[in-house]
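The values are calculated or read from the model by the stated rules, or taken from the named source; none is laboratory data. Treat the numbers as computed from the prediction; the structure is a model and nothing was measured. For neighbour counting, all protein chains shown are included, and Cβ atoms are generated from backbone atoms with ideal geometry for every residue, glycine included. What goes into the accessible areas is simple: the full protein's heavy atoms, side chains included, and nothing from ligands, DNA or RNA. Shrake-Rupley method; radii C 1.70, N 1.55, O 1.52, S 1.80 Å.
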Amino acid sequence: MTLTLISKAFAQDQPIPKKYARAGENLFPPLAWSGAPAGTRSFALVVEDPDAPHGTFRHCGIANIPAQWSALAESVDTAPEQAPRFYKNDFGNARYDGPQPPAGDRPHHYIFRLAALDVPKLSTPDAAGISAMWAEARKHALAEATVTGTYQTQ
C-alpha cells in the first residue's frame, strides 16, 4: 500500500479556495491520508511554495503528528489542546499561513508534503524553523506523499 494524501478543499493541481489564503480566512485546509507503512510512529508535514520570488517559501511546518491520526482537520492550528508541534513559518508564525503570491504573478503551486516517520517525536528545537525540522524528518521518513494546489492573487 502506498501513502496517499488528499484534501477535501481542493483537488490535485487545482486552485485552493480563497478561504484558505491569507487574504481570505487564512484557514488550514483539511487533509486526510491513508496507506501509512508498517513501523510508522508519527508524521510530519510541510507546506511550501516553490514559485516564490526569492526561492521556496514555507507556509507551515508540523511535527509529532500522532501515528494513529489519519487526518488534520480544518483550522487544526487553532484547535485547543493540539498534539502536533507547529514550527515558525517564513512569515514568522508558528501556525499555518495560507497562499499570498504577489499580485500579477502566475499561479503559484502550494505543495503539502506528508512524511511517515519511524520515530514518535522529533526533537528539533522550535527556533530551528521548518527547514531544519523537515531535514530531520526526512532522515526518519518511511514514506512521503504530496498533494499540490495552486493559487493566484487577483
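Between the amide H of Ala143 and those of Ala116, distances stay under 5 Å, these residues lying 5 or more places away or on another chain, with hydrogens modeled in the peptide plane. Over the chain, Cα pairs under 8 Å with separation of 6+ residues give a relative contact order of 31 percent.
Decide, for region 55-113, between rounded, prolate and oblate: order the square roots of the alpha carbon gyration tensor eigenvalues as a ≥ b ≥ c, take rounded if a/c falls under 1.5, and otherwise choose prolate if a/b is larger than b/c, else oblate. Prolate is the answer for region 55-113, as a/c is 1.5 or above and a/b outweighs b/c.
What the phi angles of region 86-94 give under the Karplus curve with 6.51, -1.76 and 1.60, with θ = phi - 60°, is a coupling list of 9, 9, 4, 8, 6, 8, x, 10, 8 Hz, glycine and proline written as x.
Computed over the chain, the per-residue total of -39500 (n - 2.57) for DSSP H runs of n ≥ 4 gives a 222 nm mean residue ellipticity of -2000 deg cm²/dmol, rounded to 500.
By the rule of a C-alpha distance below 13 Å, with chain neighbours fewer than 8 residues away ignored, the aspartates and glutamates paired with Lys19 are Glu74, Asp97.
Accessible surface calculations at 1.4 Å, restricted to protein heavy atoms, place region 12-154 at 47 Å² per residue. Counted without the sites themselves, the longest stretch of the chain free of GluC sites (Glu not before Pro) in a DSSP loop having at most 13 other beta carbon atoms within 10 Å is 82-154. Note on Lys139: lysines with a C-alpha under 17 Å away, same-chain residues under 8 apart excluded, are Lys121.
Across the accessible surface of the chain, with the other protein chains kept in place and a 1.4 Å probe, carbon and sulfur atoms take up 50 percent.
Cross-link reach is defined here as a Cα-Cα straight distance under 30 Å, omitting same-chain residues fewer than 8 places apart; for Lys18 the lysines meeting it are Lys8, Lys88.
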